[in-house]
Structure formats: structure tokens, C-alpha cells
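No value in this document is a laboratory result; all are computed from the given coordinates. Quick caveat: nothing in here was measured; it's all calculated off a predicted structure. In this analysis, Cβ positions are derived from the backbone assuming ideal geometry, glycine residues included, and neighbour counts consider all displayed protein chains.
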Amino acid sequence: MAKVKKAKTRKPSPARKARKASKKAAPPKPARSGGTHVDFGVHGLGKIMAAIHNAGLGDELNAHLAGSGQFVKVHRKSLTAIKGFVKERPELANLAQTIGDCDCPPDDPGCVYIPG
């Protein structure tokens, strides 16, 4: 009769324990549909606004948005980067001056002042 060699047993590594633990974890809850905020790219928003402006529909859009507000939240880092880009380009000198010196009321949706 042939001898059967018994397999060596060893302690599971910390990585193996972590994999096992993650397999046992409850699955994450699905994202809520219809949330109040979405992430939207600045270039995409720029294309939409340019198309509306080029079609001559700016005033109509303002009337359409009157009840919902006309402000968007932007990450400070992104806004600072945009301000830096505008400031470095001579062809945008007028815009850079407006961004730095604007004295619009805080609720003006056309204001381009970027603090900092």
C-alpha cells in the first residue's frame, strides 16, 4: 500500500486574511438615484453655455433658470487653476483684470470674480 503524504498546513498570511474579510463584508449600498448634486466637467459646461450663447438664447436660459438658481459649485483648486491660466495669457488680459477687480453684488450670476 502506498503512503499518502499529508499536506503541510501554515498560518494564513495577513493579506489572505484581509481578502477573506473583504469577501465576507456586506455589499455596498447602491447609489441613490435622483441625488441633488452631480459632478459635471467644466469643459462640458463650457460647451453647453457657448452653444446657448451662440444660438442667442442666453436671456431665455436666464428666464428658465430663474427659480432654480444660477450658481454652480466648483472645487477651489479648479477655480484657482483657471484663474492662473487666464492670468498667464496675454490675450486674456482684460478677463484677468475683470476677474481680479470685479465688484459685482454677491448674488450676480454674471460675476466672474475669483477670490484668492
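A few remarks follow.
- Available extension along the chain between Lys5 and Lys77 is 19.6 nm, counting 0.36 nm per residue and deducting the alpha carbon span.
- The Stokes-Einstein estimate for region 72-116, based on a Kirkwood radius over Cα pairs and taken at 25 °C with 0.890 mPa s viscosity, is a diffusion coefficient of 222 µm²/s.
- Anchor Lys73: aspartates and glutamates whose Cα lies under 19 Å away (excluding residues fewer than 8 positions away in-chain): Asp39, Asp107, Asp108
- Ordered by the count of other Cβ atoms within 10 Å of each Cβ, fewest first, Lys77, Lys3 give Lys3, Lys77.
- Compactness of region 29-116 - radius of gyration and Dmax, Cα, Å: 15.4, 50
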